[in-house]
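One structure is given here, and the rest of the page talks about it.
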Amino acid sequence: MESFADRLLDRALDAGRGIVERRLRLGVTGLAEAGKTVFVTALVQALLHPAALPRLPVVAEGRLRSVLLRPQPSQDLPRFPFEDCVARLAGRGAPPAWPESTRAQAELRLSLRYRPGGLSGRLGERLLHLDLFDYPGEWLLDLALLQQDYEAWSAATLAALRESPAPPESAAFLDHLQGLDPEAEDAAAESRAIEAARLFTAQLHARRTLLGRPAPLGPGRFLLPGDLEGSPLLTFGPLPPPGPRRAARGSLRRLMAERYEAYRERVVRGFHERHFARLDRQIVLLDLAGHLSEGDGRAGAAAQALDAVLAALRIGGSGWLPRWLAPRIDRVLFAATKADHLPAEQHAALREQLRRSLDAALRRTAYRGAKLETLALASLRATREVEARGESRRYVAGTPAEGGAPLAHYPGRLPPSGPPPEGAFRVARFRPPEGLDAEGPWPHIGLDRALTFLVGDWLE
């Protein structure tokens, strides 16, 4: 694991290069199906072909000289599969398709050569390394485990399992626990832990299906294991409170507690120290229109999960250490994605819904000293707007996700606050647009405004 001295040296080198060469680390997260992979792909494509970014000041003022993909800085992180995502979206040799969802962390570096604005431009060009760090929001929820020991986590988890609604898989796991003797010396403790973890994971997936993909469930690696698939670090689960007997050395409880502690230290704390704690800026994505369309309180579950995500973020703060010694997230953008599923006249209502659903989190973020913004965003626009003859309302038209002929869809009216009436609002899902140029700019909604907030001040 990277030591404190290594991180200090790394930051000192950053500071020393700061006159002509700087580095900005941008975290990209959100919950399942929020559009993280498409966002990163579209952002990189737009910067490589900046004609798509007319409202980004460094582009509008003609100061952006060149943008290049560079070797990523971290040797032990997967590289974000940008070229593969472009090939899928552009439909090389096949119909256009959305890339696979984010299932593990990945990194990509862009180097932007630009001329500063004002008098600083006379001193010559500068270089900004933009490091994009893409990671599942579910992993960030795990940071709460650093504040809980195994017994506290078990009690809270089992209480949540007993809440209604609960899928049959939750009952099956609870029934399984009744047949265990966690305190006894047990030569088969390993196999019992594996079976308990299997049932625990199955009920997590079932609850996620029941409550919606944005529900705040964890541990995150049980849902999205990444490179830990099959690891002993994922073979634990909650147990009922200990009885009067002391747990034997070779007991299931001892084994479960040891695995939990290993998960906290090696997975959660390791992730935080090596990657997350070094971020400068953060964008948090949410498919709010989709969740409002599904009803059943799923938009509320998404907001609850994002609130938990934000509680874990290292945001703001005005400590005495300089920023290069104590990095912190000083800007956060909350984006309601897939805005192209709604007519433009409803984007303001979508943004207001996002602001209201995150009201407490936004106040907390501002209190900590970070700048924040909300935005309705379509990283890659898959639809166009049309108006039906004889009607005043506008529709969105595109190729439906299930295939077939293009269609025009009216989602209904989205109110600026509160859930829409039951059955009165439903978005359609669309395929990527036909004819994307792998070597050219792509259509979007709001990507230049997002970049202006997240990166623009570093390019002044």
Worksheet entry | Which label in (1) 64, 56, 38; (2) 63, 53, 46; (3) 74, 63, 47 gives the computed Cα extents along the principal axes in Å | (3)
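Can you pull out the trypsin sites (Lys or Arg not before Pro) in the stretch 121-215 whose DSSP state is coil and whose Cβ has at most 15 other Cβ atoms within 10 Å? Provide the component values of the computation, followed by the final result.
Values: sites: Arg122, Arg126, Arg162, Arg192, Arg198, Arg207, Arg208; in loops: Arg162.
Of the trypsin sites (Lys or Arg not before Pro), the ones in loops of the stretch 121-215 whose Cβ has at most 15 other Cβ atoms within 10 Å are Arg162.
So how much slack lies between Tyr410 and Gln178, counting 0.36 nm per residue of separation and subtracting their Cα-Cα distance, in nm? Can you show the working numbers first?
Working: separation 232, 0.36 × 232 = 83.52 nm, distance 5.12 nm.
Extending this stretch completely gives an extra 78.4 nm.
If you take the beta carbon distance between Ser417 and Asp457 as r and set R0 to 25 Å, what does 1/(1 + (r/R0)^6) give as a FRET efficiency, to the nearest 0.05?
Numbers: r = 31 Å, r/R0 = 1.25.
Step by step, r from the Cβ atoms, then E = 0.20.
If the chain between Arg65 and Ser231 were fully stretched, how many nm would it gain, using 0.36 nm times the residue separation less the Cα-Cα distance?
Values: separation 166, 0.36 × 166 = 59.76 nm, distance 4.64 nm.
Net length gain for the segment: 55.1 nm.
Stretched out fully, how many nm does the piece from Ser392 to Ala438 gain, at 0.36 nm a residue minus the Cα gap? Spell out each step's value before the answer.
Details: separation 46, 0.36 × 46 = 16.56 nm, distance 3.63 nm.
Gain in length upon complete extension: 12.9 nm.
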Worksheet item: Extent of the stretch 147-271 along each principal axis, from alpha carbon coordinates, in Å, largest to smallest?
Response: 40, 33, 26
Practice prompt. Quick one: net charge around Arg113, please, counting Lys, Arg +1 and Asp, Glu -1 for every other residue with C-beta under 11 Å from its C-beta.
Written response: +2
Fill in: Peptides ranked, highest mean first, by Cβ atoms within 10 Å: ranges 26-37, 440-451
26-37, 440-451
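Can you work out the FRET efficiency for the pair Glu163 and Glu385, with r the C-beta to C-beta distance and R0 = 56 Å, to the nearest 0.05?
Details: r = 42 Å, r/R0 = 0.76.
Given R0 = 56 Å and the Cβ-Cβ separation, E is 0.85.
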Fill in: Gyration tensor (Cα) of the stretch 9-138, equivalent ellipsoid semi-axes in angstrom
28, 20, 12
Worksheet item: What trypsin sites (Lys or Arg not before Pro) does the stretch 40-75 have in DSSP loop regions with at most 13 other beta carbons within 10 Å?
Response: Arg55
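Each reported figure results from applying straightforward, stated rules to the coordinates on display, with no laboratory input. Only a predicted model underlies this, so the values are computations on that prediction, with no experimental measurement involved. Every residue, glycine among them, receives a Cβ derived from its backbone with ideal geometry; neighbour counts consider all protein chains shown.
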